[in-house]
Amino acid sequence: MGPFRARNLGVGLLALLAATGCTRTPQSMLHPAGPVAEKQLELLKFDLVMITGIGVIVALLTLFILYRARVRVPGGLPPQVDGNRRLEIGWTLAAALVLIPLAVEPIPTEFALAAPPPGEKTLNVRVVGHQWWWEFDYPDLGIVTANELHIPTGTVIQLQVTSADVMHSFWVPRLGGKMDAIPGQENALWLKASEPGVYLGQCTELCGTSHANMRLRVIAQTPEEFEAWVRARKNPVTRPESDLAARGEAKFKQTCAACHTVDGTPFQGKVGPNLTGVGSRTTIAAGMLDNTDENLARWLENPVAVKPGSLMPNYNLTKEEIEALVAYLRGLK
Ligand code: CUA
């Protein structure tokens, strides 16, 4: 092996190590951050040990048999045997016995995760998948937001997952999951974050052109920080703070309000994401872009160029209109 190939092999092995979770990854179920994900990881580890064990035993037996039954006389055949009943019964029973623990092990976990432990503080959130963004509705708080799910730590988050169009699937690997979002059906899933942090998630059911761009983030906050967020959402900034932003508001009324809601204003469109407080979100376009003036302008200039298939069309806005809309939207805190 030449030095070049050896180096390639080394790089390949390192990449493989990285991919198997030897580095901290933001979207890996191997680094659980809550009790649901921890239980699911225990299950994975048990299965991994069992399956690896079976795989190693089968591989060793195969090598042993290959060695024992190899042809010693060129052109000759080993003695031919046919249908050993004891062996047939033996390996059928052995396979069944091996499968029993794999089948039984998950049962207590499934019961434990079917519903949250009784008596715990609970926050209800309705999750609605859309092509290609996520709606988060807090029915008890009267808040609707998109793509960034704020939750308090140490609280059971009871999710009712559904879809407005096609099938999606809600998954935040470090917190647990996943759960299909099916039109006309509500599927329950609960999660809990032990520590504050940002946990990335992703739609995991092929749902069309921008399936891979249907991202989400769970922003877990201390209960005090979460309360502050709820207060801010319930008393949002709705008035434009400059002449430029006022021109943006007028354009918004004309072009955007049929699809988007801003709480506390007459703009109550329900087709696209609720934009109340959009200026204080960390990302836009379902987590594709950081929320900056430049990125928002890029999005408004041509949404489909940013997110292929985006149902928000290109409105051929002028540079001045985009600048005004950015000033208005970024001011919605
Ligand atoms: Cu929604 Cu994939």
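Please express the Cα-Cα pair-distance distribution P(r) of the range 197-333 as a list of whole percents, one per 5 Å bin, running from 0 to the bin with the greatest distance.
2, 10, 17, 22, 22, 14, 9, 3, 0
Under a 10 Å cutoff between Cα atoms, tell me which one of Gly272, Gly248, Gly119 has the largest fluctuation in the Gaussian network model of the chain.
Gly119
Grab the DSSP H runs of the chain that are 4 residues or longer, score each as -39,500 (n - 2.57), total them, divide by all residues and round the 222 nm result to the nearest 500 deg cm²/dmol.
Roughly -12500 deg cm²/dmol at 222 nm, from the helical runs in the chain.
With 14 Å as the cut-off, how large is the P(r) tail for the range 52-98, expressed as percent of Cα-Cα pairs? Working shown, then result.
Details: 746 of 1081 pairs.
Cα-Cα pairs of the range 52-98 separated by over 14 Å account for 69 percent.
Roughly what % of Cα-Cα distances in the range 233-286 sit above 15 Å, to the whole percent? Intermediate values should be presented prior to the final figure.
On the way: 692 of 1431 pairs.
Of all Cα-Cα distances in the range 233-286, 48 percent exceed 15 Å.
Take the chain, connect every pair of alpha-carbon atoms lying under 10 Å apart with a spring to form a Gaussian network, then pick out the residue of Thr92, Thr52, Thr255 with the largest mean-square fluctuation.
Its mean-square fluctuation being the largest, the pick is Thr92.
Ranked by Cβ crowding within 10 angstrom, fewest neighbours first, how are Tyr199, Tyr67, Tyr138 ordered?
Numbers: Tyr199 24, Tyr67 8, Tyr138 18.
Lowest count first: Tyr67, Tyr138, Tyr199.
Once label points are set 7 Å from the Cα along Cα→Cβ at both Gln254 and Thr109, what is their separation, rounded to one decimal in nm?
5.7
Just to be sure I understand: if I project the alpha-carbon convex hull of the range 162-250 onto a plane and average over all orientations, what area do I get in nm²? Let's see the in-between values first.
On the way: hull surface 34.4 nm².
So the mean shadow area of the Cα hull is 8.6 nm².
With only alpha-carbon atoms counted, please give the Rg and Dmax of the chain, in Å.
27.1, 96
List the trypsin sites (Lys or Arg not before Pro) within the range 57-111 that fall in a DSSP loop (any state other than H, G, I, E or B) and whose Cβ has at most 15 other Cβ atoms within 10 Å. Working shown, then result.
Working: sites: Arg68, Arg70, Arg72, Arg85, Arg86; in loops: Arg70, Arg72.
Listed in order of number, the matching sites are Arg70, Arg72.
What nm distance separates the two modelled labels at Ala188 and Lys319, each placed 7 Å from Cα along Cα→Cβ?
Simple spin-label model gives 5.7 nm for this pair.
Sorted from largest down, give the three principal axis spans of the alpha carbons of the range 100-228, whole angstrom values.
So the three principal-axis extents are 41, 39, 25 Å.
Taking DSSP loops as anything outside H, G, I, E and B, show the longest stretch in the chain free of GluC sites (Glu not before Pro) there with at most 16 other beta carbons within 10 Å. Mind showing how you got there, number by number?
Numbers: sites that count: Glu120, Glu186, Glu241.
Between the exposed loop sites, the longest stretch runs 1-119.
Throughout, read-outs are computed from the coordinates displayed, never taken from laboratory work. Not measured: the values here are computed from a predicted model. Note that we place each Cβ from the backbone using ideal geometry, even for glycine, and neighbour counts take in every protein chain shown.
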